[in-house]
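> Encoded as structure tokens, here's the structure I'll be asking about.
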Amino acid sequence: MRKPKTVIEKIWEKHVVHHEEGKPDLLYIDLHLVHEVTSPQAFEGLRINNRKVRRPDLTFATMDHNVPTIHRNVIKDEVSKTQMETLKTNCEEFNVPLADIHHPDQGIVHVIGPELGLTQPGKTIVCGDSHTSTHGAFGALAFGIGTSEVEHVLATQTIWQAKPKTLNVKVNGKLGTGVTAKDLILAIIGKFGVKFGTGYVIEYTGEAIRDLSMEGRMTVCNMSIEAGARAGLISPDDTTVEFLRGRRHVPTGEAFDQLAEEWKALATDEGAIYDETVEINAADIEPQVTWGTNPGMCIPVSANVPSVEDGQSDNDKEEIKRALEYMGLQGGEPISSVAIEHVFIGSCTNSRFADLKKAADIVKGHHVHPNVRAIVVPGSHSVKKQAEDAGIDIIFKEAGFEWRDAGCSMCLAMNDDVVPEGERCASTSNRNFEGRQGTGARTHLVSPEMAAAAAVKGHFVDVRTLGVPAHN
Amino acid sequence: MEPIRKHTGLVYPLNRANVDTDQIIPKQFLKRISRQGFGQFVFYNWRFDSKGTLRDDFSLNQPKYEGTSILVAGENFGCGSSREHAPWALLDYGFRVVIAPSYADIFYNNCTKNGILPVILSDDEVQTLIKNAETEQYYLTVDLEAKKVYDNKGFEATFDLDSYKREMLLNGWDDIAVTLTHVDKIDQFEANRK
Ligand code: SF4
């Protein structure tokens, strides 16, 4: 009998171009996504060395990180404008397809890849962005790379990679009502820490993962990097196939059915061995809120903010102390009593149609708290349109939310969407690092439902007490 | 990139774990389109107050660390965003070597593509170096050929680095040029897939 293999090993083996003992493998790349912030120096490098883009047809560019989300026709920020224009010129010069700021396909790179069907099971996918792990939801091996590597992939369509170790994160049982994929991944990082995945590619398995929609799976895989992992993926199944059916870059008819069988055959074999396995029970997980300055610093919404004394070591204590100081929190206070001034629903973690819909379900018939400024930033132009067709924009607007154009926006605040110093934001994004949403800004990561509930109440609240419709 | 074989320099201790690349180079400086000039912004939010004045309560600003070229930090250094601007900023500021108990993968890789040597030492060794550098002006030598770190007072530690990265750093080679020596294999791979 054939040795059982993990999906990771199967994809890897199909992409090795060159192998030499004791060295990293040269791996072929099927899809290279490009954005304006991490690519200019790469194209510049090509130009200096008189090199071409080897496979423009396997490369796709968009503008997301610093695009404004209102008044798109006049970009006031000269430096941002230069960066966007540079991408445009580079794409023209090197023949790379580009969805620029006004293009109907424009959006956050990790939202549009799946949306267009560019992201497919079994592909190797890279992008100069750490959240490339998002595409792993489809059973693709997808990881973030630096700008030098972007240049390398542009020039050679390959990358040097040491074969990663595999880590099985097994989620047993079912998530409770009102507990989302975001809560799940935060709870995983909270339990195992922000570096438990370092050196590994994670495969998420177990009943709760199988039950997730593709949107939920993307949310989980998206934050793999927050656990230190290079990539995170989920074996393809019928959910994967159905999501991709009919998308622009996948074949139709019989060709699709045949491909679908190939995709499903990539799933990890029964009995395959991982280098490491950790387990967590889905039923134990509550809605989560981060209290500190990395995504591992998270607690259930019913819990109290930790105190310095809760630290296990001197370094730990020091870290808690610094985080409490930065966040302006008292150790021991209930997280649910913490008042917020901003709500951001968006980012590659939680800005898909399903995310917006669930947040809208909470918001419907309520109004944003008078002390709160809340914005919704759809992940792509097409998500925005879909939401508008479904009347979701109206629900948000009537509740007092601002309804914006697609982009990364307040996830990293490179455009004008900034949280002011010392103010607090309930955010559906993925990083609560110091200064991430603005210098001195205080970020609390939550699910879209929890963000919506916080917008209405003006402080964190267990969304399950508001009578949430059941979904994952 | 500049080769690195043996480097002796003044150590700067940053006794923090999980230093993310948003701290190393905040996003407001990512809009430049060249690789140069990022050094002035390194650790910006720690080095400067909201008015843009140097803060004397952040140790890197102290005169005793002027001219430092070896950064020693806590575990999981360089986590978060993949921005290569982080190693560009460190390099441009003058750092040629980083020493920590562990790194985030992408940052680690990015260092080796830019001629910064990322050294992994044990927690205890890192703590010793941090203590030394906090108490006095402390110089270390890092020898990539011998894979050793030592001072002139008896500290000595060995480290590991995969042979490919080591070769690239020792020679200052351009990755792409090396890969293009395998271009026939890439052609072959593509041909087989059709
Ligand atoms: S939404 Fe945030 S995390 Fe996602 S790609 Fe944009 S900046 Fe990065």
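Readers should treat all values here as calculations from the given coordinates under stated rules, not as data from a laboratory. As the structure is a prediction and not an experimental result, all values here were calculated from the model. For neighbour counting, all protein chains shown are included, and Cβ atoms are generated from backbone atoms with ideal geometry for every residue, glycine included.
> What would the Debye formula give as log10 I(q)/I(0) at q = 0.13, 0.21, 0.24, 0.29 Å⁻¹ for the alpha-carbon point model of region B:36-100, no solvent?
Once normalised to I(0) and log-transformed, intensities are -0.37, -0.99, -1.26, -1.43.
> Can you give the Rg/Rh ratio of region A:288-466, where Rg is from the C-alpha atoms and Rh is the Kirkwood radius?
Looking at region A:288-466, the ratio lands at 0.98.
> Also, I was wondering about something else. Past the 32 Å Cα-Cα mark, which pairs from A:170/A:357; A:357/B:113; A:123/B:6; A:163/A:384; A:174/A:364; A:165/B:113?
Correct reply: A:357/B:113; A:123/B:6; A:163/A:384.
> What does the helix-only formula give at 222 nm for the protein assembly as shown: each DSSP H stretch with n ≥ 4 adding -39500 (n - 2.57), the total divided by the residues, and the result rounded to the nearest 500 deg cm²/dmol?
-9000 deg cm²/dmol
> So what are the protein assembly as shown's ellipsoid semi-axes, whole angstrom, largest first, if each one is the square root of 5 times an eigenvalue of the alpha-carbon gyration tensor?
Semi-axis lengths for the protein assembly as shown are 35, 31, 25 Å.
> Where the Cα atoms of chain B are projected onto their three principal axes, how long is each span, largest first, in whole Å?
61, 44, 24 Å, listed from the longest principal axis down.
> Can you give the Rg/Rh ratio of region A:7-161, where Rg is from the C-alpha atoms and Rh is the Kirkwood radius?
Reported Rg/Rh (Cα atoms, Kirkwood Rh): 0.98.
> Taking the Cβ of each residue in A:149, A:44, A:279 as the centre, tally the other Cβ atoms inside 10 Å and list the residues starting with the fewest.
Listed from fewest to most nearby Cβ atoms, that is A:279, A:44, A:149.
> Can you sort A:243, B:155, A:401 so the residue with the fewest Cβ neighbours within 10 Å comes first?
The most exposed by this proxy come first: B:155, A:243, A:401.
> Pick out which of B:63, B:13, B:118 has the largest mean-square fluctuation in a Gaussian network model of chain B, springs linking Cα atoms closer than 10 Å.
B:63
> Further question: To the nearest 20 debye, what charge dipole does chain A have about its Cα centre, counting +1 at the Cβ of each Lys and Arg and -1 at the Cβ of each Asp and Glu?
360 debye
> Share of Cα-Cα pairs in region A:201-276 beyond 16 Å, in percent?
56 percent
> Work out from phi, with θ = phi - 60° and the Karplus expression 6.51 cos²θ - 1.76 cosθ + 1.60, the ³J(HN,Hα) of each residue of region A:238-248, listed in order in whole Hz, and give x for Gly and Pro.
4, 4, 4, 4, 5, 4, 7, 3, x, 6, 4
> What stretch of chain B, leaving out the sites themselves, is the longest with no GluC sites (Glu not before Pro) in a DSSP loop having at most 14 other Cβ atoms within 10 Å?
B:67-135
> Diagonalise the Cα gyration tensor of region A:144-186 and give the resulting equivalent ellipsoid semi-axes, square root of 5 times each eigenvalue, largest first, whole Å.
37, 15, 7
> Nearest 5 is fine: what % of DSSP beta bridges in chain B come out antiparallel, could you say?
Bridges in chain B that DSSP calls antiparallel: roughly 50 percent.
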